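**Student:** After the structure tokens below, expect a handful of questions from me.
The values are calculated or read from the model by the stated rules, or taken from the named source; none is laboratory data. Remember, predicted model here, so these are calculated numbers, not experimental data. Cβ placement follows ideal geometry from the backbone for every residue including glycine, while neighbour counts extend to all protein chains displayed. Side chains are part of the model used for accessible areas, which takes the heavy atoms of the whole protein and leaves out ligands, DNA and RNA. Shrake-Rupley method; radii C 1.70, N 1.55, O 1.52, S 1.80 Å.
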Amino acid sequence: MADRLGVTLEDLLLDVPRDKVLELQLAVDYAELSLSSGDAAGALASVSNLLADPALEGLPTLHRAVRRVQAGALETTGDLNAAILILEDLTSDPTPDSTWLKSLIALSRCYRDTGDFARAIAVGDKAAKIIEDLGLEGLTEAIQLTVTVAAAYLWQGDTNKAMRTCMEALAAADKHGSIVGKASAYWNASLVEAKRGAVPAAIDLARKALAVFELSDDNRHLANLRSQLATLHLQLDPPDPETALEILGNLEQEMTWSGSGAWDIAFMHVQHARANYLLGDFEESRTSLAKAAETKPDSAPLIEAQWHSLHGRISFAEGDQDEARRRYRAAIHVLSGAGADRGAAQLWFELGELLAQAGDTEGALEAFRSGGASTGLRLPAQVDVRSLS
């Protein structure tokens, strides 16, 4: 019938002329290009025009592609909750391809960046059996989903589970010959080692991952990994802020061009601020913190806590102990609200140390006690020794 009418099969089956399909596909390609080149606002504008076209409703595959671009652009601009709503819909119906896995990775990442670590982990756990049934476990994206979940375990404070998950990802990458998957596992294992205090080992792992990503066309991960490598140099004992600043260099521009998300760019600015703080350049540190405040998503507790904490350190260094306390308590409040009790405990102990240095013994004791309570420690009930005689 299509031959006799002089039309394509798609014209009959999809109820949308072939020329219109090609026009919409080209528009989707341009939207994806805008997003990948760092123009998230332009991508959202293109998506808005596409979704307003009634012909798109008759093309479910293209419609899903548009929604994926929309979710990516929303994540990049920092609207993580709106991105999550779209990604939940896109991942609700499993498909045997990498696009479903990429949406799962983005969903887990968005949950993690909003501080909802339990849901970030649940995304991977729920999908694991489906991935196996669909025969997708050998895909690089499946391995990257595993390491994304490992990162959620890490931020939740479970370093042992995070490392075991990274080892599972490394084993899968070796089995299926996924070089990029192996690099992703190295990257997250590096984060775990850093959390454990083994920073030199973490730097070695990060450099291994960096060498692989430099050979790939994954510019987004490459830029984010460089940011992480700079962070590791700040965690050395003693810290190496000069090398960190050298790595950070023009990284903001690179991250913007590669389509890095608002969370990653804000994190980079915080690390830039930390490096300048360690060098004693408080003015430049505050400038970087202001940039972090401008770029961070509305719901980003980990970034916000680091932001408050660093402001507190600067205030303390300048002799304003009251402002330092206020900033640290704000950071602790943010982490406690996100369920990151171990992170809150770390900040309590940092505050205790600062107060001890200032001679505020009572304030330091209160901070140390609060830090212990954050980890679940409790003083035993008082016992009357006379009753034991």
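**Student:** Just to confirm a number: summing +1 for Lys and Arg and -1 for Asp and Glu over residues other than Lys182 whose beta-carbon lies under 11 angstrom from that of Lys182, what do you get? Could you put the intermediate results ahead of the total?
**Tutor:** Numbers: positive: Lys175, Lys208; negative: Asp174.
Combined, the nearby Lys, Arg, Asp and Glu give +1.
**Student:** Quick one: accessible area per residue over region 15-80, 1.4 Å probe, rounded to a whole number of Å²? Each step should come with its number before you reach the end.
**Tutor:** On the way: 3280 Å² over 66 residues.
About 50 Å² of surface per residue is accessible.
**Student:** Top to bottom by accessible area (1.4 Å), largest first, where do Phe117, Phe282 land? Please list the in-between numbers first.
**Tutor:** Values: Phe117 5, Phe282 50 Å².
My answer, sorted largest first, is Phe282, Phe117.
**Student:** Name the shape class, rounded, prolate or oblate, that the alpha-carbon gyration tensor gives for region 234-361, where a ≥ b ≥ c are the square roots of its eigenvalues, rounded holds for a/c under 1.5, and otherwise prolate holds if a/b is larger than b/c and oblate otherwise. Don't skip to the answer; put the middle values down first.
**Tutor:** Values: a/c = 2.00, a/b = 1.37, b/c = 1.46.
Taking the square roots of the gyration eigenvalues as a ≥ b ≥ c, region 234-361 is oblate.
**Student:** Provide the per residue accessible area, probe 1.4 Å, for region 266-335, rounded to a whole number of square angstrom.
**Tutor:** Numbers: 2920 Å² over 70 residues.
For region 266-335, the solvent-accessible area averages 42 Å² per residue.
**Student:** For Val123, what charge total do you get from the other residues with a beta carbon under 12 Å from its beta carbon, if Lys and Arg give +1 and Asp and Glu give -1?
**Tutor:** Details: positive: Arg109, Arg112, Arg119, Lys126; negative: Glu88, Asp116, Asp125.
Value of the local net charge: +1.
**Student:** With +1 assigned to the C-beta of every Lys and Arg and -1 to the C-beta of every Asp and Glu, and no other charges, what is the dipole magnitude of the chain about the Cα centre in debye, to the nearest 20? Walk me through the intermediate numbers first.
**Tutor:** Details: 35 positive and 56 negative charges, 233 e Å.
In total the dipole reaches around 1120 debye.
**Student:** What does the highest-first list of 161-169, 25-33 look like by mean Cβ count within 10 Å? Numbers along the way, then the final one.
**Tutor:** Values: 161-169: 20.8, 25-33: 16.7.
Result, highest mean Cβ count within 10 Å first: 161-169, 25-33.
**Student:** A further question on this structure: What does the charge count near Leu245 come to, summing +1 for each Lys or Arg and -1 for each Asp or Glu among other residues with Cβ under 13 Å from its Cβ? Spell out each step's value before the answer.
**Tutor:** On the way: positive: Arg226, Arg274; negative: Asp240, Glu242, Glu246, Glu252, Asp281, Glu284.
That sum, taken over residues with Cβ under 13 Å, equals -4.
**Student:** Now for a different question. Using Cα atoms only, what is the angle between the long axis of helix 80-91 and the major principal axis of the chain, expressed in degrees (0 to 90) to the nearest 10?
**Tutor:** Approximately 50 degrees, to the nearest ten.
**Student:** So, with +1 on the Cβ of K and R and -1 on the Cβ of D and E, and no other charges, what is the size of the charge dipole of region 230-286 about its Cα centre, to the nearest 20 debye?
**Tutor:** Details: 2 positive and 10 negative charges, 39 e Å.
I would put it at about 180 debye.
**Student:** Taking region 290-329, how much of its Cα-Cα pair set, in percent, is spaced more than 13 angstrom apart? Numbers along the way, then the final one.
**Tutor:** Working: 395 of 780 pairs.
Roughly 51 percent, rounded to a whole number.
**Student:** Using per-residue counts of other Cβ atoms within 10 Å, averaged over each peptide, order 296-307, 233-244 from highest down.
**Tutor:** Values: 296-307: 22.2, 233-244: 16.4.
In decreasing order of mean packing, 296-307, 233-244 become 296-307, 233-244.
**Student:** Then there's this: To the nearest Å, what is the center-to-center distance of region 125-159 and region 228-299, using C-alpha atoms only?
**Tutor:** 28 Å
**Student:** Still on this structure: Please compute, over every Cα-Cα pair in the chain, the percentage with a separation greater than 41 angstrom. If you can, show how the numbers build up before the last one.
**Tutor:** Working: 16587 of 75466 pairs.
That tail contains 22 percent of the Cα-Cα pairs.
**Student:** Next up: Give the carbon-plus-sulfur fraction of the accessible surface of the chain in %, rounded to a whole number; probe 1.4 Å, heavy atoms of protein chains only. Mind showing how you got there, number by number?
**Tutor:** Values: 9900 of 19130 Å².
Its accessible area is 52 percent carbon and sulfur atoms.
**Student:** Moving on. To one decimal place, what orientation-averaged projected area in nm² is obtained for the convex hull of the Cα set of region 50-108?
**Tutor:** Seen from a random direction, the Cα hull of region 50-108 projects 4.1 nm² on average.
**Student:** Can you give me the distance in nm between label points at Asp298 and Asp125, each placed 7 Å from the Cα along the Cα-to-Cβ direction?
**Tutor:** Simple spin-label model gives 2.9 nm for this pair.
**Student:** Once both axes come from the Cα atoms, what is the angle between helix 282-295 and the longest principal axis of the chain, in degrees from 0 to 90, rounded to 10?
**Tutor:** Its long axis makes an angle of about 40 degrees.
**Student:** By how many degrees, 0 to 90 and rounded to 10, does the Cα axis of helix 341-357 deviate from the longest principal axis of the chain?
**Tutor:** 40 degrees
**Student:** Still on this model: Go from 0 up to the bin containing the longest alpha carbon distance in region 117-206, width 10 Å each, and give me the % of pairs per bin.
**Tutor:** Histogram of Cα-Cα distances, whole percents per bin: 20, 50, 26, 4.
**Student:** Decide, for region 291-372, between rounded, prolate and oblate: order the square roots of the alpha carbon gyration tensor eigenvalues as a ≥ b ≥ c, take rounded if a/c falls under 1.5, and otherwise choose prolate if a/b is larger than b/c, else oblate. Before the final figure, lay out the partial values.
**Tutor:** Numbers: a/c = 3.08, a/b = 1.38, b/c = 2.24.
Since a/c reaches 1.5 but b/c is at least a/b, the shape of region 291-372 is classed as oblate.
**Student:** As a test question: what accessible area, to the nearest 10 Å², does Ser103 have when a 1.4 Å probe is rolled over all protein chains in place?
**Tutor:** Counting only protein heavy atoms, Ser103 exposes about 10 Å² to solvent.
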